[in-house]
Amino acid sequence: MSSAESATDLDPVILPAIPPVHLLSGDVSALQVTDRLRRGAQILGRFETSGLAGFKVAAQGRPLRVRVSLSTDELSVSGWHTGRTEPASPLPRLVQVRCQGRLRQCALLKGRRALVQVPFDLTAEEIPDDGLICVEVLDITEGDGVREEVRQAVSGLVAPDGVAGLRLNKVVFEEPPAVDFDPDTLDGARCELSSLISAGGLANRNRQGVRVLRSGLFVVNPVLKDTFGSSGRLTFRLGTRAEAASVLPVTWRRMHSELRWLRHAGRKLFGTAAPSVERVLSVRDGDMGAPEQRAQGNVMELALPSATQSPYLVLVAPRQGSVPTLESCTSQ
């Protein structure tokens, strides 16, 4: 047997993923490269901290649509892989999803049952001849291309090491459809379901209606071409609701819960319950200047250009006894 024949016999056969394909397990041969990702059996894997997954895909010179699914559970804590776990932070996680070295979207995840879907398109030029597509998930404090003022703005508002323990549930590769349905208005929950915004993740994907912004901030993402929010201007309608008693100290719940509700009801009665936005920052370019906002009774309308090149962070001013809500968004 010649050396050439021996090498051929011993080299493993790498089967690339052929779109359309749903990759659901860490055992698939298409998952060629991992960095700080522990492979899973019923999921692709779980990140130890900021890391990378590289997939070999038979794109054959075509553009691809990629859908990345991330979620949290009870093991989504720092040190889970060493057995020396740290207590879970009550703060939300703010992470970047990158592909082929470029930031695609940011995701905000809050709690133990947060689920986010991150879709984006790759051009044929972005996919190398060997078909290796690398998906990175990084904490907001890491990597290039994030302005330092963005990191300073979210310091203390989001958890450190936000990728620790995150589940990489699946990655889908498919051809972009020719036409996407493009409505004029989406409610708050469907804005998050479409990935236009990220405000903590949705445990129930069938949820509709108002989205509570309990973290006091949300992300506005670049979205798929020809879908809602991909071009033009966006108008977000923000409201408020009274803070739930369960998040207040016990003594406050006992003595002042009724007063809290009455105060909020009074603001609504007099049309002064509208929230306000403190800052809007582009992750790539930094502060976008004074936000264009207008209060109309108990609703505030925030106007922004579509996020075509970089995600935006919207920081909502805190207001005692109430939490902001996203009622809807209109695309013009």
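The values are calculated or read from the model by the stated rules, or taken from the named source; none is laboratory data. These numbers were taken from a predicted model, which means no experiment stands behind them. Methodologically, a virtual Cβ is constructed for each residue, glycine included, from the backbone with ideal geometry; neighbour enumeration extends over all protein chains shown. We work out accessible area using only protein heavy atoms, side chains counted, and drop any ligands, DNA or RNA first. Shrake-Rupley method; radii C 1.70, N 1.55, O 1.52, S 1.80 Å.
Couple of notes before you dig in:
- Count of the stretch 191-231 residues which are among the small types (Gly, Ala, Ser) and under 21 Å from SER322 (Cβ atoms): 5
- Residue match in the stretch 318-328 (condition: of a type in the set (Asp, Glu), open to solvent by less than 80 Å² (accessible area, probe 1.4 Å), within 20 Å of the chain's Cα centre (by Cα) and modelled with pLDDT of 85 or more): yes
- Odd one out for GLU125, checked against (1) without any contact (Cβ under 8 Å) to a residue 24 or more places away in the chain; (2) open to solvent by less than 50 Å² (accessible area, probe 1.4 Å); (3) of a type in the set (D, E, K, R): (2)
- Which numbered condition GLN332 misses (of (1) of a type in the set (S, T, N, Q); (2) farther than 26 Å from ARG65 by Cβ; (3) modelled with pLDDT under 90): (2)
- Of all residues in the stretch 299-314 being surrounded by fewer than 18 Cβ atoms within 10 Å (Cβ to Cβ) and closer than 18 Å to LEU213 by Cα, the one that is farthest from the chain's Cα centre (by Cα): GLU301
- Considering only residues in the stretch 59-106 that are in a loop (DSSP other than H, G, I, E, B) and in contact with an Asp or Glu (Cβ under 7 Å, 6 or more places away or on another chain), the one that is surrounded by the most Cβ atoms within 10 Å (Cβ to Cβ) turns out to be SER78.
- Unmet criterion (only one of (1) under 14 Å from the mean Cα position of the chain (by Cα); (2) β-branched (Val, Ile, Thr); (3) open to solvent by 20 Å² or more (accessible area, probe 1.4 Å)) for VAL158: (3)
- Within the stretch 229-244, residues that are assigned to a loop (DSSP other than H, G, I, E, B) sit with their Cβ atoms under 9 Å from residues that are β-branched (Val, Ile, Thr), at 6+ positions apart or across chains, in these pairs: GLY229/ILE197; GLY229/VAL220; GLY229/VAL223; SER230/VAL223; SER230/THR308; SER231/THR308; GLU243/VAL323; ALA244/VAL323.
- Selection within the stretch 175-225 - touching a helix residue (DSSP H, G or I) at 6+ places or on another chain (Cβ under 8 Å), farther than 25 Å from VAL154 by Cβ and not small (Gly, Ala, Ser): ARG205, ARG207, GLN208
- If you filter the stretch 198-227 down to residues that are under 12 Å from VAL118 (Cα atoms) and in contact with a Gly (Cβ under 8 Å, 6 or more places away or on another chain), you find that the one that is most open to solvent (accessible area, probe 1.4 Å) is VAL223.
- Selection within the stretch 129-139: residues that are assigned to a strand (DSSP E or B) and among the acidic types (Asp, Glu). The member of this set that is surrounded by the most Cβ atoms within 10 Å (Cβ to Cβ) is GLU136.
- Residue count, the stretch 279-298 (criterion: closer than 20 Å to THR325 by Cα, surrounded by 14 or more Cβ atoms within 10 Å (Cβ to Cβ) and either touching a helix residue (DSSP H, G or I) at 6+ places or on another chain (Cβ under 8 Å) or among the charged types (D, E, K, R) (or both)): 4
- Count of the stretch 180-197 residues which are of a type in the set (D, E, K, R), surrounded by fewer than 17 Cβ atoms within 10 Å (Cβ to Cβ) and within 16 Å of THR330 (Cα to Cα): 2
- Every condition in (1) modelled with pLDDT under 85; (2) part of a strand (DSSP E or B) holds for ALA265 except the one numbered (2).
- Residue within the stretch 135-157 that is hydroxyl-bearing (Ser, Thr, Tyr), more than 18 Å from SER215 (Cα to Cα) and out of contact with any Lys or Arg (no Cβ under 9 Å at 6 or more places or on another chain) present: no
- Filter pass, GLU142 being farther than 15 Å from GLY201 by Cβ and assigned to a strand (DSSP E or B): no
- Residue ID - nearest to the chain's Cα centre (by Cα), chosen from residues in the stretch 107-128 that are within 17 Å of ARG211 (Cβ to Cβ) and part of a strand (DSSP E or B): ALA107
- Residues considered: ARG167, ARG147. Of these, the only one that is under 30 Å from ALA41 (Cβ atoms), in contact (Cβ under 8 Å) with a residue 12 or more places away in the chain and charged (D, E, K, R) is ARG167.
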